[in-house]
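The values are calculated or read from the model by the stated rules, or taken from the named source; none is laboratory data. All values reported here derive from a predicted model rather than from experimental measurement. Note that each Cβ is placed from the backbone with ideal geometry, even for glycine, and that neighbours are counted across all protein chains shown.
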Amino acid sequence: MCRAVFLLALTVLVCPAAEALDNGLALKPTMGWLHWERFMCNTDCYKDPNNCISERLYMQMADVMVKEGWKEAGYEYVCIDDCWPSHQRDAKGRLQADPKRFPGGIKKLADYVHSKGLKLGIYADVGKNTCAGYPGSLGYYETDAQTFADWDVDLLKFDGCYMDWKLLGEGYMNMSRALNKTGRSILYSCEWPLYEWSHKQPDYKAIRETCNHWRNFDDVYDSWSSIKSILDWTASHQDIIAPSAGPGGWNDPDMLVIGNFGLSHDQQESQMALWAIMAAPLLVSNDLRDICPRSKKLLQNTDIIAISQDPLGKQGQCTIKVDSFEVWERPLSKKRLAIAVLNTQEFGGPRGFFMRAAPGWKICDPQCNVTQILPQYKELGVQTPHTKLVVSVNPSGTTLLTVTPTSDYAGLIL
Ligand code: GLA
């Protein structure tokens with residue numbers, strides 16, 4: 001609802017984003033680790049005990065998250081994806097973890113993760129089966145919500161396979177209500193719009209009222225073409241999706257694949273910068289036990305995380321595509337702005353981008369202070385609308401800046 005705000009003689013209409021799911025969660029984009037992209041449906045603990053989907057994997061990730069600075073950087077949720085359950089429900093119709101791979105059960109795993117000061121996420125599906133063919137929750141929403149609450153789970157990723165698309169909305173809303181009814185705070189991560197887009201334009205108002213974040217587009221892979229396709233889709237649908245993001249509910253462009261095999265370091269920087277600009281959940285899918293120091297440093301970069309977690313909670317957008325550059329801009333609190341310049345030209349060397357060409361540069365009137373965050377931290381000092389600042393951007397890399405309006409000529413802080 002729009003509120004009329006009276007400022008001196010000026011009346012302006014303030015229209016906040018639609019109401020978010022009112023469970024007090026995800027006031028900032030969720031941060032954590034999620035197994036899917038890196039570990040997929042590897043259930044062979046006999047041949048591959050270190051990498052199979054088992055309680056050991058999540059316990060080890062939780063250990064590393066505490067020991068290696070991830071928790072301190074803000075990564076909080078340790079999330080299980082598909083392939084954790086047994087193929088059969090128990091005698092009371094409840095989901096149960098595969099007994100060989102999770103001998104202690106999920107409740108014990110949750111206790112372990114909580115003892116580390118972290119939270120546990122689990123995965124289920126709105127339809128008859130999960131995407132990998134395990135039992136789905138259709139017909140069991142209340143039972144499954146209660147089971148997850150009894151296990152002290154903190155997040156549910158709810159997939160949309162094996163479901164009549166016309167029933168998706170109803171299913172996602174019913175599970176949201178079932179989670180609420182348990183009385184436990186369970187963050188609700190949905191894939192509702194992703195499965196609806198091929199049939200109709202999703203109702204983002206209803207989605208924001210139902211879920212804490214929602215996937216819109218294809219699964220991410222460990223490749224630059226996958227990251228590019230996600231950015232292209234987001235830019236071409238931003239007028240529809242970006243307004244629905246804000247504290248309590250976020251668009252989810254899928255996991256960070258930084259620290260794996262497919263992206264160059266520049267491309268990893270692009271993913272990190274753009275996910276922060278898009279106010280995306282930062283759910284890393286990699287092997288935290290074995291990650292190169294440079295990728296780790298990037299994922300733990302406090303200046304980028306501060307952009308991601310900025311309290312204004314506004315999703316950034318692609319504001320101009322010019323000369324094989326894309327400029328993405330995100331308004332931040334205290335009237336600041338984050339600007340990411342992506343060089344989409346995949347040949348040659350670094351190219352210069354004239355910062356005055358960024359639409360958001362108008363906040364430098366009369367003056368601003370600019371800090372470069374990527375590729376290296378650098379204070380670029382005071383700039384004006386007529387500045388000649390040119391930043392260098394590597395092929396498929398991103399230069400990320402924050403811009404702070406500074407005192408005007410009269411010495412007043414804006
Ligand atoms: C779908 C989802 C993925 C992952 C798999 C698991 O493809 O979009 O994120 O959860 O299912 O089977």
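Before moving on, here are some points about what is shown:
- Hey, Ser396 in a loop (DSSP other than H, G, I, E, B) and of a type in the set (Gly, Ala, Ser) or not: yes
- Here the condition is being farther than 28 Å from Met59 by Cβ and either buried (at least 24 other Cβ atoms within 10 Å of the Cβ) or out of contact with any helix residue (DSSP H, G or I) (no Cβ under 9 Å at 6 or more places or on another chain) (or both); of Ile241, Ile227, it holds for Ile227 alone.
- Restricting segment 145-194 to residues that are outside any loop (DSSP other than H, G, I, E, B), within 16 Å of the ligand (Cβ to nearest atom) and of a type outside the set (A, V, I, L, M, F, W, C), the residue that is farthest from the chain's Cα centre (by Cα): Gly171
- Taken residue by residue, segment 222-232 has no member that is among the aromatic types (Phe, Trp, Tyr) and either in a loop (DSSP other than H, G, I, E, B) or within 16 Å of the ligand (Cβ to nearest atom) (or both).
- One residue stands out in segment 23-65 among those that are in contact (Cβ under 8 Å) with a residue 24 or more places away in the chain and of a type in the set (Asp, Glu): the one that is nearest to the ligand (Cβ to nearest atom), namely Glu37.
- Segments classed as strands (runs of 3 or more DSSP E), wholly inside segment 259-371, with at least 3 members that are at pLDDT 95 or above and closer than 21 Å to Asp219 by Cα: 282-284
- Of residues in segment 119-136 being under 23 Å from Gly248 (Cβ atoms) and either part of a loop (DSSP other than H, G, I, E, B) or among the charged types (D, E, K, R) (or both), the one nearest to the ligand (Cβ to nearest atom): Val126
- Residue in segment 202-212 that is small (Gly, Ala, Ser), within 16 Å of the ligand (Cβ to nearest atom) and either assigned to a strand (DSSP E or B) or at pLDDT 95 or above (or both) present: no
- Those helices (runs of 4 or more DSSP H) of segment 1-110 that lie entirely within it include none in which at least 2 residues are touching a Lys or Arg at 6+ places or on another chain (Cβ under 7 Å) and at pLDDT below 95.
The rows are residues; the columns are (1) in contact with a Pro (Cβ under 8 Å, 6 or more places away or on another chain); (2) more than 21 Å from Ala276 (Cα to Cα).
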residue	(1), (2)
Leu337	yes, no
Ala340	no, no
Met355	no, no
Val390	no, yes
Val393	yes, no
Leu401	no, no
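- Here Ser285 does not fit the description of being within 16 Å of the ligand (Cβ to nearest atom), at negative phi and surrounded by fewer than 18 Cβ atoms within 10 Å (Cβ to Cβ).
- Residue check for Thr147: in contact with a Lys or Arg (Cβ under 8 Å, 6 or more places away or on another chain), buried (at least 20 other Cβ atoms within 10 Å of the Cβ), modelled with pLDDT of 95 or more and among the hydroxyl-bearing types (Ser, Thr, Tyr): yes
- Across segment 343-379, the qualifying residues are those that are without any contact (Cβ under 8 Å) to a residue 24 or more places away in the chain and under 29 Å from the mean Cα position of the chain (by Cα), and the one among them that is nearest to Asn301 (Cα to Cα) is Gln376.
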